[in-house]
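First up is the structure itself, then whatever we jot down about it.
The values are calculated or read from the model by the stated rules, or taken from the named source; none is laboratory data. Remember, predicted model here, so these are calculated numbers, not experimental data. Glycine gets a Cβ as well: all are built from the backbone with ideal geometry, and neighbour counts include every protein chain shown.
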Amino acid sequence: MRATVMHKAYDVRVENVPDAAIQQPTDAVIRVTRACICGSDLWPYNGGPNEVGQRMGHEAIGVVEVVGSDVQSIKRGQIVVMPFAFSDGSCMFCDEALHTSCVHGGFFGNGGEPGGAQAEALRIPQADGTLFPLPVGEDDALMPSLLTLSDVMGTGHHAAVTAKVAPGSKVAVVGDGAVGLCGVIAAKRLRAEQIIIMGRHADRIALAREFGATDVVSERGDEAIECVRELTGGFGVHSVLECVGTEQAINTSVAIARPGGAVGRVGVPHYESVPGGQLTFFNNVSVAGGPAPVRAYMAELLPDVMEGRIQPGRVFDRTVGLDGVPEGYRRAMNEREALKVMVRP
């Protein structure tokens, strides 16, 4: 079968690899029908931590082709969405809706087994706990939005939940990438009154406004902090959704939270420690978040997608076949020609 392989920074290729196959009785194999390139894929692409021969991709929808002998709830022929982390669904952390900390779990596209989803097929460990069946056909018009449940919509929602977004609250979303835009959707869905999108790409800002953003701050650093304070009567916001992962982003997030506020960070951190110890302490600001347990949110978010109340699939603005993935990394995503690229193997 063919799959996307990263050999080193800036070197992504589509190559023939061994076919996906059952290795454990709890496995399934899916034929990938939709995948995508994530902003977090750009960190290893640009020289961040990576492994030679790393198979890429951690978001997918597919058709179940084979199931292991111990798989009970997942059946051949089902259309399923695959979260970016696999989990057994039954350990103490899964029971606490923290599937990304499953004692038998792990992550897709992170080097080693089980490989990545930017491929023709993929082995799914712990299939019963990992895969979520979808009540649609393979080519349903809702596929783009359903695909976001594998990561970006669930991650934006996790940022909102950990930042304690509540009805009538003031919210700032740091970052106008796909996760940030889904964070706007999540904040609107949780009935925030004011939603400030912090970004500087005109097309993304326009989409954020359509999703529910009420204000825009395009400045950075101290100027951005001052702008948010001006928009909030000098106090800052109740909730900050940090969707970038840089040191500047987390510094800004901590500084714009009002006393008693909360920061939900879901951008993969590229800093050693959370800054602002004095500020967060004396203002009673909480900082939470991490890898989103998107599997725990699928049942909650699915009805809103199915009934059209939210349309997170609009973050996809380019579609490529498997052969187009290398250019999807280089031109579309890394050079900011696209917001998020869908892959149809």
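Residue-level check: of (1) more than 24 Å from GLY180 (Cβ to Cβ); (2) in contact (Cβ under 8 Å) with a residue 60 or more places away in the chain, GLY53 misses just (2).
In a residue-by-residue description of segment 208-229, the property of being without any contact (Cβ under 8 Å) to a residue 24 or more places away in the chain and of a type in the set (S, T, N, Q) applies to at least one position.
I'm checking my understanding of the structure. Among residues of segment 266-321 that are of a type in the set (Lys, Arg) and under 15 Å from ARG189 (Cβ atoms), which one is surrounded by the fewest Cβ atoms within 10 Å (Cβ to Cβ)? Steps first, answer last, please.
From segment 266-321, those of a type in the set (Lys, Arg) are 295, 309, 314, 318; that's our starting set.
Right, trim to under 15 Å from ARG189 (Cβ atoms) and you get 309, 314.
Details: ARG309: 11, ARG314: 19.
Residue satisfying both the conditions and the ranking: ARG309.
Any idea which residue in segment 335-345 is surrounded by the most Cβ atoms within 10 Å (Cβ to Cβ), counting only those that are more than 17 Å from ALA60 (Cα to Cα) and under 17 Å from the mean Cα position of the chain (by Cα)? Step by step, filter segment 335-345, then rank; the result is LEU339.
Condition check ((1) in the same structural domain as ALA208 (by TED's automatic domain parsing); (2) more than 22 Å from GLU242 (Cα to Cα); (3) not in a strand (DSSP E or B)) across all residues:
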| residue | (1), (2), (3) |
| --- | --- |
| SER273 | yes, no, yes |
| THR280 | yes, no, yes |
| ASN284 | yes, no, yes |
| TYR297 | no, no, yes |
| ASP304 | no, yes, yes |
| ARG309 | no, yes, yes |
| VAL320 | no, yes, no |
| TYR329 | no, yes, yes |
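Close Cβ contacts (under 8 Å, 6 or more residues apart or on different chains) running from residues in segment 178-206 that are closer than 16 Å to GLU337 by Cα to residues that are buried (at least 24 other Cβ atoms within 10 Å of the Cβ) and hydroxyl-bearing (Ser, Thr, Tyr) comprise ALA178/THR148. In the condition set (1) surrounded by fewer than 24 Cβ atoms within 10 Å (Cβ to Cβ); (2) modelled with pLDDT of 95 or more; (3) not aromatic (Phe, Trp, Tyr), PRO83 is compliant with all but (1).
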